[in-house]
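In what follows, a single structure is set out as structure tokens and then discussed.
The values are calculated or read from the model by the stated rules, or taken from the named source; none is laboratory data. The model shown is predicted, which means the values in this text are computed figures rather than measured ones. All Cβ positions, glycine included, derive from the backbone under ideal geometry; neighbour counts span all protein chains shown. These area figures cover heavy atoms from the full protein model, side chains too; ligands, DNA and RNA do not enter into them. Shrake-Rupley method; radii C 1.70, N 1.55, O 1.52, S 1.80 Å.
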Amino acid sequence: MSFAPVTTTEGGVGNGAHVHLSAWSDDTNAFAGGAGRFGLTEAGEQMVAGLCGGLVESVGLLAPSVLSYQRLVPGHWSGAWGCWGLENREAGIRFVQGTAGHGARAANCEVKVVDATANPYLVVGALLAWLQHGRSVEAALPEPVAGDPAALSDAERAGCQVATLPRDLGSALDALESSTVLREAFGAPLLDSFVAVRRHELATYGPLSNEETGRELRWRY
């Protein structure tokens, strides 16, 4: 069994390692019971805004393999867009209001970009950093996207502040390396070491075809 982002070049949605998270104060879920969109509290909206705003800079950490970018494409339920939406499987952040039998207590965000080539500890650290950043700067939450962002015009995506996530590891690492939020959260030695290791992978496997990359990396995960 392989947990690689993709295991075949014949299509399919690939393998994700999506992260579901919510934020609590005492016994109150910040993602439910509020006056904001879909029941979000003010704090919840700010934190979801932080997650949305941090996706572009975080992709190199959340999807850090050359192979990740064969999966991270529109139409594969991989969340290849920097936006959020209610139960929207094409948005990078899928908001879930709750499940039958659990109701609002189960309200959460699903970060869809993550795959199993990522370090789970760094993933959690990065997501916590963006939640805290959104709260600290009182980030404004963009409008949710109801359908497939790929079906929108450029003007419509701009109106909803939909960002195009990096489509290759090199671009993702450039954005990660320049992130002041993640550099402060992790410290320069850790972040720079991570980037250096992944740039080595890029130099080693980046020039290969999709078929060759899959053959070399499929069974490493």
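Assorted remarks:
- In the range 123-150, the residues that are open to solvent by 30 Å² or more (accessible area, probe 1.4 Å), within 19 Å of S22 (Cβ to Cβ) and out of contact with any strand residue (DSSP E or B) (no Cβ under 7 Å at 6 or more places or on another chain): V124, L128, Q132, H133, R135, S136
- Filter result for L202 (touching a residue at least 24 places away in the same chain (Cβ under 8 Å), part of a helix (DSSP H, G or I) and within 17 Å of V59 (Cβ to Cβ)): yes
- In the range 87-109, the residue that is farthest from the chain's Cα centre (by Cα) out of those that are surrounded by fewer than 22 Cβ atoms within 10 Å (Cβ to Cβ) and not in a loop (DSSP other than H, G, I, E, B) is G103.
- All conditions in (1) open to solvent by less than 50 Å² (accessible area, probe 1.4 Å); (2) more than 28 Å from R94 (Cα to Cα) hold for V195, with the sole exception of (2).
- Any hit, the range 189-205, residues being of a type in the set (K, R) and modelled with pLDDT under 95: no
- Pick from the range 171-184, criterion part of a helix (DSSP H, G or I) and open to solvent by less than 10 Å² (accessible area, probe 1.4 Å), ranking: farthest from N210 (Cα to Cα): L182
- Only listed residue being part of a loop (DSSP other than H, G, I, E, B), at pLDDT 95 or above and open to solvent by less than 30 Å² (accessible area, probe 1.4 Å), chosen from S58, S65: S65
- Hits in the range 25-42 (condition: in contact (Cβ under 8 Å) with a residue 24 or more places away in the chain and open to solvent by less than 40 Å² (accessible area, probe 1.4 Å)): N29, F31, A32, G36, G39, L40
- Of the residues making up the range 70-86, just one is surrounded by fewer than 23 Cβ atoms within 10 Å (Cβ to Cβ) and modelled with pLDDT of 95 or more, namely L86.
- Residue within the range 13-24 that is crowded, with 20+ Cβ neighbours inside 10 Å and under 23 Å from L208 (Cα atoms) present: yes
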